[in-house]
Amino acid sequence: MSIQACIFGCQGLSLTAEEEAFFRDVRPWGFILFKRNVESPGQVRRLVEALRETVQRPDAPVLIDQEGGRVQRLGPPHWPVYPPGRAYGELAGNDPLLKREITRLGARLLAHDLAELGVNVDCVPVLDVPQRGAHDVIGDRAYGDTPEQVALLGRAAAEGLIAGGVLPIIKHIPGHGRATADSHLDLPVVDAPYEALDATDFVPFRVLSDMPMAMTAHVVHTAIDPRRPATTSRKAISEVIRGAIGFDGLVMSDDLSMKALSGDFRARTRASLAAGCDVVLHCNGDMDEMSEIAKACRPLAGRAKRRAEAALARIARTPEPFDVAEARARFAAAFEAQ
């Protein structure tokens, strides 16, 4: 059976018999982990192995949102607390080289943590440029307030992950920084003119357009498509993400269960794929919802399959040499000096 163009979550610390059977039957391209799936390093490793075993693909992508700050699925007592993106941008006054070095180092440490568990994709970096008056759903997750700083530090984070054998996902393309609502709860509508979006919001994504994967924004930009969020807008994906931004990697939807999207799960799946998403993402592990998505999904084929294969080919089989203890000490010292 073909690999399906979807990424699914699961409910708990181990797979249920129902989940095992479902994943074996559907064969999703990948999986995503959340705090509900995390207890200890050994348990996470066993869960990751079990997920891959269901699809019989040892390189199947297993994703996690491990940004630091508010968005960190792994934490004490087994894993360190990492700072949010904004903390990197506030390091050492106006020393961009130090900021870049420590951002890369933080991401390299994240990659070390994840690779030890078998997790090979991190939903980092956030490339959104927050604007005054916007909802704080992005807030301190952003590396700075200018497209130049977001691009510079976003590139550093992506490089640190890749060096450690973990793929980055740039998000939330083509930009979530102006949204005045949280797309987990409502559909944000941004009325900024196209010229402003092109000069600010698109810039970090354009700079990192060589990255292997991107996650869409559940945001309506009226200057692009007044009726549909980027996730389900053919115009946003073809003309802006693929065109103006020039991104040719794998495009995945943000979580289909977020309230920004309308319609049932079959409709959301069809609309996202028809708009040009290569794969769809569903996070909460709800079996009924995943079953509906599976019924509307399609095999990973054609350009989407080639992009998926190209993304996984970017995983470094041998991570760069790395002294973990020295790196942790250097990382801590950078923030203690603040």
Quiz item: Restricting attention to the range 120-131, and to residues there that are closer than 27 Å to Phe202 by Cβ and in a loop (DSSP other than H, G, I, E, B), which single residue is modelled with the lowest pLDDT?
Solution: Gln131
Practice problem: Could you check how many residues of the range 147-176 are more than 22 Å from Thr222 (Cα to Cα) and of a type outside the set (A, V, I, L, M, F, W, C)? | Solution: 9
Practice problem: Return the pairs, sorted by first residue and then second, in which the second residue is among the small types (Gly, Ala, Ser) and surrounded by fewer than 16 Cβ atoms within 10 Å (Cβ to Cβ), the first residue lies in the range 273-302 and is without any contact (Cβ under 8 Å) to a residue 40 or more places away in the chain, the beta carbons are less than 8 Å apart, and the residues are 6+ apart or on different chains. | Solution: Ala296/Ala267
Quiz item: Residues of the range 163-206 being over 21 Å from Gly139 (Cα atoms) and of a type in the set (A, V, I, L, M, F, W, C), which ones?
Solution: Ala163, Val166, Leu167
Exercise. Please verify whether the range 128-135 includes one or more residues that are within 26 Å of Gly30 (Cβ to Cβ) and in contact with a Pro (Cβ under 9 Å, 6 or more places away or on another chain).
Key: yes
Quiz item: Would you pick out the residues in the range 56-82 that are part of a loop (DSSP other than H, G, I, E, B), within 22 Å of Val26 (Cβ to Cβ) and under 19 Å from the mean Cα position of the chain (by Cα)?
Solution: Asp59, Ala60, Pro61
Exercise. Name the residue, out of Phe335, Phe265, that is hydrophobic (A, V, I, L, M, F, W, C), on the phi < 0 side of the Ramachandran plot and at pLDDT 95 or above.
Key: Phe265
Quiz item: Hey, any hits in the range 1-15 for a residue that's touching a Pro at 6+ places or on another chain (Cβ under 7 Å), surrounded by fewer than 16 Cβ atoms within 10 Å (Cβ to Cβ) and either free of Cβ contacts under 8 Å to residues at least 60 places away in the same chain or not in a helix (DSSP H, G or I) (or both)?
Solution: yes
Quiz item: Within the range 83-119, which residues are assigned to a loop (DSSP other than H, G, I, E, B) and either surrounded by 23 or more Cβ atoms within 10 Å (Cβ to Cβ) or of a type in the set (A, V, I, L, M) (or both)?
Solution: Leu91, Ala92, Leu117, Val119
Quiz item: Within the range 45-66, is there a residue that is touching a helix residue (DSSP H, G or I) at 6+ places or on another chain (Cβ under 6 Å), buried (at least 16 other Cβ atoms within 10 Å of the Cβ) and of a type in the set (Asp, Glu)?
Solution: no
Quiz prompt | Pair list, Cβ < 6 Å and 6+ apart or interchain, from the range 55-79 residues that are under 13 Å from Asp113 (Cβ atoms) and touching a residue at least 12 places away in the same chain (Cβ under 8 Å) to residues that are of a type in the set (Phe, Trp, Tyr) and surrounded by fewer than 20 Cβ atoms within 10 Å (Cβ to Cβ) | solution = Arg73/Phe34
Practice problem: Look at Gly139 and say whether it is on the phi > 0 side of the Ramachandran plot and either among the hydroxyl-bearing types (Ser, Thr, Tyr) or under 17 Å from the mean Cα position of the chain (by Cα) (or both). | Solution: yes
Quiz item: Among the candidates Ala236, Ala304, which residue alone is surrounded by 14 or more Cβ atoms within 10 Å (Cβ to Cβ), out of contact with any helix residue (DSSP H, G or I) (no Cβ under 8 Å at 6 or more places or on another chain) and small (Gly, Ala, Ser)?
Solution: Ala304
Quiz item: From the list Ala244, Ala217, which residue is in contact with a Lys or Arg (Cβ under 9 Å, 6 or more places away or on another chain), surrounded by fewer than 21 Cβ atoms within 10 Å (Cβ to Cβ) and under 23 Å from Thr146 (Cβ atoms)?
Solution: Ala244
Exercise. All but one of (1) under 19 Å from Val44 (Cβ atoms); (2) touching a residue at least 60 places away in the same chain (Cβ under 8 Å); (3) more than 19 Å from the chain's Cα centre (by Cα) hold for Glu90, so report the exception by its number.
Key: (1)
Exercise. Consider Gln72 carefully, then state whether it is among the polar types (S, T, N, Q) and touching a Phe, Trp or Tyr at 6+ places or on another chain (Cβ under 8 Å).
Key: yes
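The values are calculated or read from the model by the stated rules, or taken from the named source; none is laboratory data. Remember, it's a predicted structure, so these values are computed and weren't measured experimentally. Note: ideal-geometry Cβ built from the backbone for every residue, glycine included; neighbour counts use all protein chains shown.
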